[in-house]
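Taken together, the values in this text are just the output of simple stated rules run on the coordinates, not laboratory data. Predicted model, so just to flag it, every value in this text is computed and none were measured. Here the Cβ positions follow ideal geometry from the backbone for every residue, glycine too, while neighbour counts run over all protein chains shown.
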Amino acid sequence: MALIDNIPALLEEVKQLTASTASELEELRIKYLSKKGLIPQLMTEFRDVAPERKRELGVSINNLKTAAQERINTLREEIEANGTSTEEKPDLTRTAYPTPLGTRHPISIVRDEIIDIFARLGFCLADGPEVEDDWHVFGAMNFPDDHPARDMQDTFFIEAHPDVILRTHTSSVQSRVMEKQQPPIRVICPGRVYRNETISARAHCFFHQIEGLYVDEKVSFTDLKQVLLLFAQEMFGKETKIRLRPSYFPFTEPSAEMDISCNICGGKGCSFCKQTGWVEILGCGMVDPAVLDANGIDSSKYSGYAFGLGVERITNLKYQVKDLRLFSENDKRFLEEFTSA
Ligand code: PHE
């Protein structure tokens with residue numbers, strides 16, 4: 001039977017169409033309305049019908065076409081109103097996707113812990129630029145121009161502008177603070193420093209320090225020692241011992257280096273402490289009066305102490321990282337091993 005004899009049945013069929021997903025609906029559209037669909041086929045058959053039936057059939061075909069379009073539009077609106085179709089609806093019962101969270105860098109974890117300890121002792125944060133000038137890194141810190149101490153630290157500088165350097169220590173921030181502020185001064189300055197070292201497991205061309213500076217009336221070496229002991233015990237445990245060895249820095253007098261009892265072997269001796277039971281963690285001393293004067297602070301009235309500690313060193317002690325290079329390689333497997341408390 002030709003399609004054209006079937007229009008009333010098709011009309012009924014079209015009015016009853018259902019679809020619950022966009023793809024089902026698309027199938028219906030293709031079946032009825034696409035170029036090769038039933039309705040265009042009817043149009044083709046219509047060309048051959050007897051002239052006396054043309055009028056009546058033409059009207060029915062048009063009605064059928066309109067009915068199909070309307071039904072499909074209605075279904076489309078319903079599907080869109082439901083959001084997605086049933087099969088595309090999200091499954092609200094399945095467990096949530098785990099959201100991958102980043103982790104803090106071990107250096108940041110330890111830096112923040114150190115800052116926290118000194119903050120509890122009343123130290124404020126201060127900072128200064130990593131790209132510095134010769135004055136703040138050396139001049140203001142009592143390094144004479146030809147002082148051999150400048151060779152202690154292999155400085156990165158720009159040949160055309162030898163005055164522009166990458167700071168080799170955070171002691172430059174001492175000067176930045178003192179030139180702006182009169183005592184009492186009680187600051188810690190965390191930051192990155194640069195030295196022209198060959199990169200190896202034990203040395204890198206940049207690392208992190210935290211500088212401490214305390215300037216007030218009648219500040220003594222005892223104050224320094226007590227603050228450092230408290231820091232060491234907060235950081236590494238109450239049983240930790242400290243030892244101060246005489247040392248030399250141009251900006252402190254007297255100067256010392258501080259060791260703590262090795263917290264890896266408990267002071268018995270291990271490969272980390274080279275069997276000595278002690279590990280060096282910082283340099284310190286009483287601020288040289290010449291440094292106070294050079295930075296606008298009256299050394300006849302005020303005295304102070306300063307210290308500078310290496311964050312990588314302390315992180316190694318805490319986490320026993322054997323190779324310094326791991327800190328800057330951005331290997332996620334390494335970084336994901338650390339979680340902040
Ligand atoms: N600036 C010194 C260094 O980088 C550390 C230090 C800071 C020593 C403050 C004494 C006082 O080695």
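Amide H neighbours of residue 179 under 5 Å, at least 5 residues apart or on other chains, H built in the peptide plane: list them.
none
For the stretch 218-232, take each phi angle, set θ = phi - 60°, evaluate the Karplus expression 6.51 cos²θ - 1.76 cosθ + 1.60, and give the result in whole Hz per residue in order, putting x for glycine and proline.
So the Karplus estimates, Gly and Pro as x, are 6, 7, 10, 4, 4, 4, 4, 4, 5, 5, 5, 5, 4, 4, 4 Hz.
Using the 10 angstrom Cβ neighbour count as an exposure proxy, how do 43, 178 rank, fewest first? Spell out each step's value before the answer.
Details: 43 14, 178 24.
Ordered from fewest to most neighbouring Cβ atoms within 10 Å, 43, 178 come out as 43, 178.
Reachable aspartates and glutamates from residue 15, Cα under 14 Å, same-chain residues fewer than 8 places away excluded?
List returned: 70.
Under the definition of Cα pairs under 8 Å and six or more residues apart, what whole-number percent is the relative contact order of the stretch 30-173? Present the calculation step by step, with values, prior to reporting the outcome.
Working: 76 pairs, mean separation 21.6, N = 144.
That works out to 15 percent.
Quick one: which of 274/332; 35/65; 218/238; 241/318; 31/54 span more than 19 angstrom between C-alpha atoms?
On the way: 274/332 30 Å; 35/65 13 Å; 218/238 28 Å; 241/318 16 Å; 31/54 24 Å.
Pairs exceeding the cut-off: 274/332; 218/238; 31/54.
In sequence order, what are the phi-derived ³J(HN,Hα) couplings for the stretch 98-114 according to the Karplus relation 6.51 cos²θ - 1.76 cosθ + 1.60 with θ = phi - 60°, rounded to whole Hz, with x for glycine and proline?
Once θ is set to phi - 60°, the couplings for the stretch 98-114 become x, 8, x, 9, x, 10, 6, 5, x, 5, 5, 4, 5, 4, 5, 5, 5 Hz.
Hey, can you grab everything whose amide H is under 5 Å from the amide H of residue 256? Only 5+ residues off in sequence or another chain; H modelled, so Pro and N-termini drop out.
Residues meeting the criterion, in which the H sits 1.01 Å from N, are 247, 284, 285.
Go ahead and estimate [θ] at 222 nm for the chain from helices alone: -39,500 (n - 2.57) per DSSP H run with n ≥ 4, summed, over the residue count, rounded to 500.
Numbers: 11 runs with 122 residues, N = 341.
Estimated from H runs of four or more residues: -11000 deg cm²/dmol.
Calculate one ³J(HN,Hα) per residue across the stretch 271-282 by plugging θ = phi - 60° into the Karplus curve 6.51 cos²θ - 1.76 cosθ + 1.60, and present them in order as whole Hz with x for glycine and proline.
Listing the rounded values in order: 5, 5, 9, 6, 6, 8, x, 10, 10, 6, 10, 7 Hz.
Taking only C-alpha pairs under 8 Å that are 6+ residues apart, what is the relative contact order of the chain in percent? Provide the component values of the computation, followed by the final result.
On the way: 517 pairs, mean separation 52.3, N = 341.
Relative contact order for the chain comes out at 15 percent.
Return the long-range amide H neighbours of residue 168 (sequence gap of 5 or more, or a different chain), with a cut-off of under 5 Å between placed amide H atoms.
Long-range HN contacts for residue 168: 194.
Where the only charges are on Cβ atoms (+1 Lys, Arg; -1 Asp, Glu), what is the dipole of the stretch 1-141 about its Cα centre, to the nearest 20 debye? Let's see the in-between values first.
On the way: 17 positive and 25 negative charges, 231 e Å.
Rounded to the nearest 20 debye, it is 1100 debye.
If contacts are Cα pairs under 8 angstrom and at least 6 residues apart, what is the relative contact order of the stretch 3-82 in percent? Numbers along the way, then the final one.
Working: 58 pairs, mean separation 36.4, N = 80.
After rounding, I find 46 percent.
Name the residue farthest towards the positive end of the dipole of the stretch 259-301 from the options 260, 284, 272, assuming +1 on Cβ of Lys and Arg, -1 on Cβ of Asp and Glu, about the Cα centre.
Value: 272.
May I ask what percent, to the nearest 5, of DSSP beta bridges between residues of the chain are antiparallel? Mind showing how you got there, number by number?
Values: 43 of 45 bridges.
Within the chain, antiparallel bridges account for around 95 percent of the total.
Evaluate the charge dipole of the chain about its Cα centre and quote only its size in Debye, nearest 20, assuming +1 on the Cβ of each Lys and Arg and -1 on the Cβ of each Asp and Glu. Before the final figure, lay out the partial values.
Working: 40 positive and 52 negative charges, 200 e Å.
It works out to roughly 960 debye.
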